[in-house]
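Asks: Okay, here's the structure, questions in a sec.
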Amino acid sequence: MSKLVIVGTVAFDAIETPFGKTDKILGGAATFIGLAASQFNVDAAIVSVVGGDFPQEYLDLLANKNLDISGVEIVKEGKTFFWSGKYHNDMNTRDTLATELNVLADFNPVVPENYKNADVVMLGNLHPLVQMGVLEQMNKKPKIVILDTMNFWMDCALDELKSVIKKVDVITINDEEARQLTGEYSLVVAAQKIQKMGPKYVVIKKGEHGALLFHGENVFFAPALPLKEVFDPTGAGDTFAGGFAGYLAKTEDYSFENMKTAVIYGSTLASFCVEKFGTERMKQLEDKEVYQRLSQFKQLTQFEIVLENHQ
Ligand code: AMP
């Protein structure tokens with residue numbers, strides 16, 4: 001089992017969906033990634049920052065999932081990163097209502113000493129300079145570096161983001177972000193262009209329409225599980241990334257074939273995340289529920305076809 005370093009926001013989120021509205025609740029990219037990765041019992045550490053307003057209870061929640069939080073800095077006099085979003089009726093698109101960087105604005109990440117030799121690094125969504133700062137602290141080259149980002153950073157720190165993209169093995173972004181990054185409408189062409197920017201593996205997340213994994217000429221597709229209830233998609237992308245990274249860290253196999261399974265785990269875990277607001281569902285997720293859903297996934301995607309009839 002490899003060690004896993006996760007960097008990303010640990011945040012307050014305020015969310016509005018057609019089904020309801022929350023006040024400030026626990027959110028953040030690293031939070032969702034960590035909760036998903038903890039499902040694999042890997043040795044994982046979160047590198048992030050929060051303000052003095054961040055409840056101890058939330059930190060305890062992460063620590064109780066066996067996530068090392070010694071790299072989560074607490075700036076007593078500062079305010080925690082805050083994000084607020086409102087989903088449209090299709091639940092696949094949203095408007096960002098507020099992004100308040102607060103303590104994130106002057107954050108200098110510190111990777112805990114005993115994680116500087118981690119084999120797997122998951123650069124979750126936050127400022128690309130912070131992502132780069134984490135990479136630079138690793139004292140040996142990780143076996144795999146995975147990057148997740150979003151349009152916000154393409155809008156305000158594109159050059160810095162491109163420098164990080166150059167250094168990673170895998171990128172996970174959503175379809176609109178892939179289009180924005182490359183200026184290409186076709187996701188196949190966008191993935192080819194992104195591979196030329198650095199990462200040899202490109203995962204494009206398409207919300208309720210599943211995810212695509214590209215590597216050279218190889219493509220793999222995993223649908224999203226059709227769910228009865230979708231309550232709040234916030235964090236689904238991060239949960240996907242956490243499941244993907246956690247599975248790779250657990251299996252220590254970074255091949256395209258194994259990444260296919262990692263995509264399935266990522267999709268499966270994300271399917272739970274959306275069933276309740278914020279982290280509610282992931283917090284109480286049990287291993288047997290994951291197992292049941294994986295077998296549903298298998299049934300959903302397996303079919304027999306006789307191809308000789310067409311020759
Ligand atoms: P997702 O739904 O997977 O895109 O992730 C939503 C999570 O990302 C929320 O919990 C937010 O706190 C966090 N988030 C939103 N905007 C940003 C940003 N610009 N940088 C880092 N994290 C963000």
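The values are calculated or read from the model by the stated rules, or taken from the named source; none is laboratory data. The model shown is predicted, which means the values in this text are computed figures rather than measured ones. Please note: Cβ atoms are built from the backbone with ideal geometry, for glycine as well, and neighbour counts cover all protein chains shown.
Asks: Just checking, does segment 230-239 include any residue being touching a helix residue (DSSP H, G or I) at 6+ places or on another chain (Cβ under 9 Å), of a type in the set (Phe, Trp, Tyr) and either closer than 19 Å to residue 120 by Cα or in a helix (DSSP H, G or I) (or both)?
Replies: Scanning segment 230-239, I find no residue that is touching a helix residue (DSSP H, G or I) at 6+ places or on another chain (Cβ under 9 Å), of a type in the set (Phe, Trp, Tyr) and either closer than 19 Å to residue 120 by Cα or in a helix (DSSP H, G or I) (or both), so the answer is no.
Asks: Kindly evaluate residue 203 against the criterion of being in contact with a strand residue (DSSP E or B) (Cβ under 8 Å, 6 or more places away or on another chain), surrounded by 24 or more Cβ atoms within 10 Å (Cβ to Cβ) and not in a helix (DSSP H, G or I).
Replies: yes
Asks: Something else now. Restricting segment 206-226 to residues that are within 16 Å of the ligand (Cβ to nearest atom) and modelled with pLDDT under 95, which is surrounded by the fewest Cβ atoms within 10 Å (Cβ to Cβ)?
Replies: 209
Asks: Let me ask something additional. Based on this model, can you work out whether residue 175 counts as within 19 Å of the chain's Cα centre (by Cα) and within 16 Å of the ligand (Cβ to nearest atom)?
Replies: yes
Asks: Now a separate question. If you go through segment 56-84, how many residues are over 14 Å from residue 38 (Cα atoms), away from the ligand (no atom under 15 Å from the Cβ) and in contact (Cβ under 8 Å) with a residue 12 or more places away in the chain?
Replies: Total meeting the criteria: 9.
Asks: In the list 95, 60, which residue meets the criterion of being surrounded by fewer than 16 Cβ atoms within 10 Å (Cβ to Cβ) and modelled with pLDDT under 95?
Replies: 95
Asks: Sticking with this one: Would you call residue 35 more than 12 Å from the ligand (Cβ to nearest atom), over 18 Å from residue 118 (Cα atoms), buried (at least 20 other Cβ atoms within 10 Å of the Cβ) and within 19 Å of the chain's Cα centre (by Cα)?
Replies: no
Asks: Can I ask one more? Looking at segment 73-90, which of its residues are surrounded by fewer than 18 Cβ atoms within 10 Å (Cβ to Cβ), assigned to a loop (DSSP other than H, G, I, E, B) and not polar (S, T, N, Q)?
Replies: 76, 77, 79, 88, 90
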